[in-house]
Structures are given as C-alpha cells and as structure tokens.
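Structure, as structure tokens:
Read-outs: derived from the displayed coordinates by stated rules, not from any lab. No experiment lies behind these values; they were computed from the predicted model shown. No Cβ is skipped: glycine too gets one built from the backbone with ideal geometry, and neighbour counts run over all protein chains shown.
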Amino acid sequence: VMTATTAPAENPFVAYVARLRAGDQRALEELIARYAPVIKLEARMRLRSPHLRAVLDSMDICQSVLKSFFLRSAAGQFYIDRPEGLRKLLVQMACNKSLEAARREYAQKRDARRSVGLGDEAHQVAGGADPMEEVEWQELLLRGRQMLSPEERRLAEARAAGQTWE
C-alpha cells in the first residue's frame, strides 16, 4: 500500500501505477501482457469442474478482472507501491470473480450439471450432412483452434487423437 510520503519519483512502480490510473495506453498494454497469464491461471485453477469449464472460460474471468481493476484504479480505489501488491490484488480479484461466476452458474436455473449431452452425432443434420453446414462447422473449429495458446492447442490435438488427459 502506498503511503502519503511515497512519491512517484522515488518509486518507479508508483509512477507506473499513476500512469495506469491516468489511462496511459502503454502502461495498460504492459499490465495486460504481464498479468493476464497470472489471472487466467488463477481462474483455471478455480474452475476445475468440467461442468464449469464447459460454460465458463478463464479469458472471460480475466477480462472481467481487468475491467474492474481499470475502473476502480481510475477512481483511485487502489494504492499499490510494489509489483507483488499488484499481483496479489489481481489474483484475489480473479479468485473472487471465479467464485462469483461459479455461484451464478450453479444457481438452480443455470446449473450446467443439469444439462443433457447430445452425443457425438449432435452436429449432424437429420437425413444426412449438408455440405455447406460441414464447411461452416470446420471453419468454426479452425477459428476456435486459432484462439488457443500453443499449449492449449497441443492438448486439444492430443485429446482429438484419442489420448487421455493423463
């Protein structure tokens, strides 16, 4: 926590936080590059249930955390003077947002555990596959794969090849 005697000139991190608060584009990009992976990891660790992972994404949690941080930081709610303090704050926000999203999802009317799987042939059109729909499906899969990180892509390809999670 920053004290009243800590001046930005004395602490470069305090100056960085001041730039964030002011909406400096480079400072925002640096924050996202440095802390988004940490936030997404925390969210993934909190969303362990396959039911939750089917409906919630760590990137959604990350975006929600960053949005809240930017808005609250601009309003002067946070006083941070060390990188560890910023990391701790963002991890705590990710934890809270993940738990909040899980609670919302497990509410009686939204509970993903109550969903019924459609089976392996759910994407097929009754009476045979429509070639146009097959092309659209393949394009959708390609776009989805492009959104994955290299590690996530490797895992998805291994699962598609029939390998187990172990």
* **Farthest positive-ward along the range 44-100 dipole, Cα basis, beta-carbon charges - from Pro50, Cys95, Leu66** => Pro50
* Quick one: what are the phi-derived ³J(HN,Hα) couplings along the range 29-42, Karplus 6.51/-1.76/1.60 with θ = phi - 60°, whole Hz, x for glycine and proline? => 5, 5, 4, 5, 4, 7, 10, 4, x, 5, 5, 5, 4, 4
* To do: Kindly state, to the nearest 0.05, the FRET efficiency for Gln163 paired with Arg72, given R0 = 41 Å and r defined as their beta-carbon distance.
  => 0.45
* To do: Enumerate the aspartates and glutamates that Lys88 could reach by cross-link, defined here as Cα to Cα under 13 Å, with residues fewer than 8 away along the same chain left out.
  => Glu42
